[in-house]
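The structure appears below as structure tokens.
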Amino acid sequence: MQITQQRYYTPEEYLELEEAADYKSEYIDGQIIPMAGGTANHNRISLNLNAALNFAFRQQDYEVFTGDLRLWIPQKRTYMYPDVMIIAGEPEFFNNRRDIILNPQIIVEVLSKSTKGYDREDKFQAYRTISTFQEYLLIDQTRIHVDQFSKTGKKQWTLREYDEEDEAIALVTVPFEISLQDLYNKVKFEPVESEGESADVEGLG
């Protein structure tokens, strides 16, 4: 996560630049940070989850938004592009802009080599300032592993880990379940090299 622009930008300047940009960037309290490119595995996982969520919620009062929609976090003066956001009820849009969400209940991030530490720490901390935010999924794209954080009280979260293909993830705050087999359908993991050899098995996404 290298900051390529050192000058300070207002949120308004960021949005104007983002409208004309050829690639997406996030905005963190005055700094514009280009996002890493995606991978095939990142795309497969996102599509698998989105398809299952859309089917499950077709008769329910939940809506799913993908990584093309921005999230504004006022307390952190930050714009993010979460991989998946689940909204309960009607979406709330910032300043009547239909491309900026304010009220996600669940956020999902597919981890990459370049951002996994940021997703687990600083980004999660920022998300926790959102009053509607109740649940966070972190999905590894290089192996079968998912971390599920769910809010249990004020400043209290619990963690559950999933790492076996025959397990199923059940969301805590909405009626939805998906098996890891379905979540990782068609995902191709790179082989782990033998002991003593280094292997770069993670991509960017």
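The values are calculated or read from the model by the stated rules, or taken from the named source; none is laboratory data. This one's a predicted model, so the numbers in the text were calculated from it and none came from an experiment. All Cβ positions, even for glycine, are placed from backbone atoms using ideal geometry, and neighbour counts span all protein chains on display. Quick note on the areas: whole protein, heavy atoms, side chains included, nothing else; ligands and nucleic acids left out. Shrake-Rupley method; radii C 1.70, N 1.55, O 1.52, S 1.80 Å.
Below, the figures for the structure above:
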{"quantity": "Rough spin-label spacing in nm, given labels placed 7 Å along Cα→Cβ, for Glu164 and Glu90", "calculated": "4.5 nm"}
{"quantity": "Area accessible to solvent at Thr10, 1.4 Å probe radius, in Å²", "calculated": "40 Å²"}
{"quantity": "CD proxy at 222 nm, helix term only [per DSSP H run n ≥ 4: -39500 (n - 2.57); per residue of the chain; nearest 500]", "calculated": "-5500 deg cm²/dmol"}
{"quantity": "Summed residue charge, Cβ within 14 Å of Tyr14's Cβ, Lys/Arg positive, Asp/Glu negative", "calculated": "-2"}
{"quantity": "Point-to-point label distance, Asn185-Arg98, nm (Cα→Cβ direction, 7 Å offset)", "calculated": "3.0 nm"}
{"quantity": "Residues of type lysines that Lys123 reaches as a straight line, Cα spacing below 25 Å, ignoring anything fewer than 8 places off in the same chain", "calculated": "Lys24, Lys76, Lys113, Lys151, Lys154, Lys155"}
{"quantity": "Net dipole in debye of segment 1-125 [+1 Lys, Arg Cβ; -1 Asp, Glu Cβ; about Cα centre; nearest 20]", "calculated": "400 debye"}
{"quantity": "Probe 1.4 Å - accessible area at Glu90, Å² to nearest ten", "calculated": "140 Å²"}
{"quantity": "Per-selection Rg to Rh, segment 1-157 - Cα, Kirkwood hydrodynamic radius", "calculated": "0.94"}
